[in-house]
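Comments concern the structure below.
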Amino acid sequence: MAPKHRVLRARTGPDREGPPSAKIVGPRGGANGLTVVVALKRLRKAELAQSFQFWAGDSTAPPPARVADLRNKLADWMTDPERVAARSAELSGNERSVLDAFLSAPRHRRTRDDLDSAISGETQNEVDSLKRAGLVFDDEAKEEGVPAWVIPVDLANTLLVQSMEKNVGTTSRVLTLKGHLEKTYAGSEAARPMSPARLRATFKMYANEAAAVARVERLPEGLRDLVGKVVLEFGGLLPRRFFERMETELPHWNQRRWAKILEESLVGTATRMELSRYGIAHDDDTLIVFNEVTFAWFKRVAVPSDPDAPHDDASLGVDLVANISRFLAYIIDHAVRFTVKGEIFKTTEKRILTELIPNPGRELERAEVLEFIFRFCRTHGLIEVTGQRTFKLTSAGREWEAQPLEEKVGGLFAYVHRDVDEPHQALHHPTMRQLLATMCKRLEVGVWYDIMYLPFLARNSYLTQLDALGLAEQCQELGSDVTPQEDLQRLAWSLVNWVRKRLYLLGIVDLGYDAKGHPVAMRLTRIGARVLGMGDPGSDAVGLGRLIVTPDMEIMLFSEPGSDDSTLTHELDRFADRVKDGAMRQFKLGERSVHRGLVEGMTLGRMVETLTNNARTPVPQNVLMSMRGWALNAGVMMLDKDHVVHAADPALLARFARDAGVRPFIKSTLSDRSVQLKTKTSRARYRTLFRDLDYLVEVDD
């Protein structure tokens, strides 16, 4: 194991030179700049209803009454791979042909003339049908007088990944055992081609994990050791220039001999690979271990539990979600101004950083976390600019705060698939990330895996699908706009960096380090497994009796073996300050933290319920009374069962009663501290209405 980690440190070396600039900037677009969420916002309610019938799979299904709910439901369906596969399978042959034409086009966009040249015959009916279904959308960036349509980039990536296995291209024939068998025994070069049934049986026999490992072990000693090192250190693809710098017993590069032995053993091959036409900087003689053999050897030798336990580990849990809530609370409470470039002023950044949980781990600086939070909130419309060049919370921001933890992490997970740091990354990275996310479902929760395991497999799978994705055609049409900047190793490193900088930040995975502090392992968390759709692999009970609340406002959360604290930790983070992590997490209640929870949208009743339902002993009365007092000081008004609003501050109630948005609902003024509301509206509805007007109204039972 030591040699492998030594090479791993060399691979991750560039990341140790220091973090990138932490300047807060605006959002970055994907490959075509249009996402499902943005596309749906362009449609009217009638158009959304038509798309709903298609995605529901039932023409009689009633759509949600609220437009926001309708858009959210469609966005959920259109980013669900299973739903996308099921609904796209119902398309007619002509509709599928037109959809494929869009998928193969640069940025998944076609004009009327472009589409006519790609498909002979009239296609307007099919385009209209795909528009009604919500599979293609009008392109607002069209040239004057020339209609154009586009598929949102995240929907297009899902459709492309699902169709990859149906298309076997040049790279697949070179890199996979399946492609090699088809070329050798069923292709035009075969003297006596095998029948499809016999070819499938042959592939199944030789792709078996035990059979693949046995074939590697029967290789000549020097070549066997080289193949093992190539798999573990290079993911099964060794360019000649790297071989010349390796420590190996083999004296020189012997491509012809290795190719003969590897092909006869059905382990791999050695040949020249040229990938620049796909936008990848690789043109070199390459030793190739077939993907199926690479996976089998990795699975047998390197995982699971390799290393069994790293020297040190790091976990962020739900810290990012809590920090987003704290950022939004700061936006509500302060006039956060921005520069002419759309950046938050540095002095304001420093003040916001003091509000965040001070535990970003070894991978990220706190300023980098803030940059990510700002970009996410801007991209998803959680905050917006005002005429005074400040930011304010939007209705989408209030709705986000009310979402369950898993939905919040799920939204972040979808966002990081397409969030790229450099424009050239948009060509390869989103699809590779989606493949890696899918492969995460193979992991066992809580088990350590070599950090290069999934990045290598995802990169290899992506390389086999370059032809199906139409990368060569896209690069040819983009011309000088595409300059290959990443070679085979850097593609894998980029995925490792994504795991370290994004999946770790989201709490999807934990990271393990060796004695020198280099990342060498990863493990899937329970919240990560649930976000990936793997169900609940372990206990996620909130843990009755796992809290101790003391009279001096301290809260201790005791972790139990095999339990998941993420939900309870998230709830406590919303209204208490976390002061200690570990087997026992410690929180501190205070007037400031309770105020933060209230302005984020958490009710006082929910705060009290979180404590009382999970405490081992009754919550001290002074704690409950203090929380109620702090809530009143924060401007909370109580709405009782008789529809009377009570306020501790007469000036606050007077401002409330004078508000133009409130006056139509007031029946009479009872005193300087209470007003009677009309009873025709429910108390829950009143609470929502007044919260939207920035009044903290609680339903008092």
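Assuming R0 = 45 Å, what is the FRET efficiency of T354 and R442, from their Cβ-Cβ distance, to the nearest 0.05?
The value I calculate is 0.65.
Pairs exceeding a 28 Å alpha-carbon distance, out of K131/K183; K45/K501; K178/K260; K204/K441; K588/K678: K131/K183; K45/K501; K588/K678. Taking 7 Å steps out from each Cα toward its Cβ at Q485 and S315 produces label points 3.7 nm apart. Put a plus charge on the Cβ of each Lys and Arg, a minus charge on the Cβ of each Asp and Glu, and nothing anywhere else: the dipole of segment 547-632 about its Cα centre is then about 220 debye.
Using a simple spin-label model with pseudo-atoms 7 Å out from Cα toward Cβ, E82 and A259 lie 4.6 nm apart. Taking a ≥ b ≥ c as the square roots of the Cα gyration tensor eigenvalues, segment 369-431 comes out oblate, since a/c reaches at least 1.5 and a/b does not exceed b/c. The magnitude of the dipole of segment 365-454, with charges of +1 and -1 set on the Cβ of Lys/Arg and Asp/Glu and taken from the Cα centre, is near 260 debye. Look at the alpha carbon pairs under 8 Å that are at least 6 residues apart: their mean separation over the length of the chain gives a relative contact order of 13 percent. Against the chain, whose longest principal axis is taken from its Cα atoms, helix 683-692 shows a tilt of about 70°.
Between the alpha-carbon centres of segment 169-243 and segment 570-644 there is a gap of 60 Å.
The calculated FRET efficiency for M625 paired with R277, based on their beta-carbon distance and R0 = 45 Å, is about 0.05. PRE reach from D552 (point 7 Å along Cα→Cβ): which of segment 593-612 fall under 19 Å by backbone N? Only 593 pass the distance filter. The slack in the chain from T617 to E90, taken as 0.36 nm per residue of separation less the alpha-carbon distance, amounts to 184.0 nm. Take each peptide in 131-138, 620-627, count the other Cβ atoms within 10 Å of every residue, and average; sorted highest first, the result is 131-138, 620-627.
Among 323-329, 374-380, sorting by the average number of other beta carbon atoms lying within 10 angstrom of each residue, highest first, gives 323-329, 374-380.
Using only Cα atoms, what Kirkwood radius does the chain have, in angstroms? Spell out each step's value before the answer.
Numbers: mean 1/r = 0.0352 Å⁻¹.
This gives a value of 28.4 Å.
The C-alpha atoms of the chain define a longest principal axis, and helix 2-11 lies at about 70 degrees to it. Within the shell defined by Cβ-Cβ distances under 10 Å, the residues around V416 carry a net charge of +3, with Lys and Arg each +1 and Asp and Glu each -1. For the pair D421 and D69, the difference between a 0.36 nm per residue extended length and the Cα-Cα distance amounts to 123.6 nm.
Can you tell me the 0 to 90 degree angle between the C-alpha axis of helix 591-600 and the longest principal axis of the chain, rounded to 10? Compared with the principal axis, the helix lies near 70 degrees.
Counting 0.36 nm for each residue step from K183 to L693 and taking away their Cα separation leaves a gain of 176.8 nm.
For the pair K588 and D285, label points projected 7 Å from Cα toward Cβ lie 6.6 nm apart.
Taking the charge dipole of the chain about its Cα centre, with +1 at Lys and Arg Cβ atoms and -1 at Asp and Glu Cβ atoms, the residue from A39, N622, A211 reaching farthest to the positive side is N622.
Charges only on Cβ, +1 for Lys and Arg, -1 for Asp and Glu: so what's the dipole of segment 530-683 about the Cα centre, in debye to the nearest 20? The calculation lands at about 760 debye.
What separates the Cα centres of segment 392-414 and segment 113-134 is a distance of 36 Å.
Values in this text are rule-based calculations from the coordinates and carry no lab data. Note that the coordinates shown come from a computational prediction; the quantities given were computed from them, not determined experimentally. Using ideal geometry, Cβ is built from the backbone for each residue, glycine included, and neighbour counts are taken over all protein chains shown.
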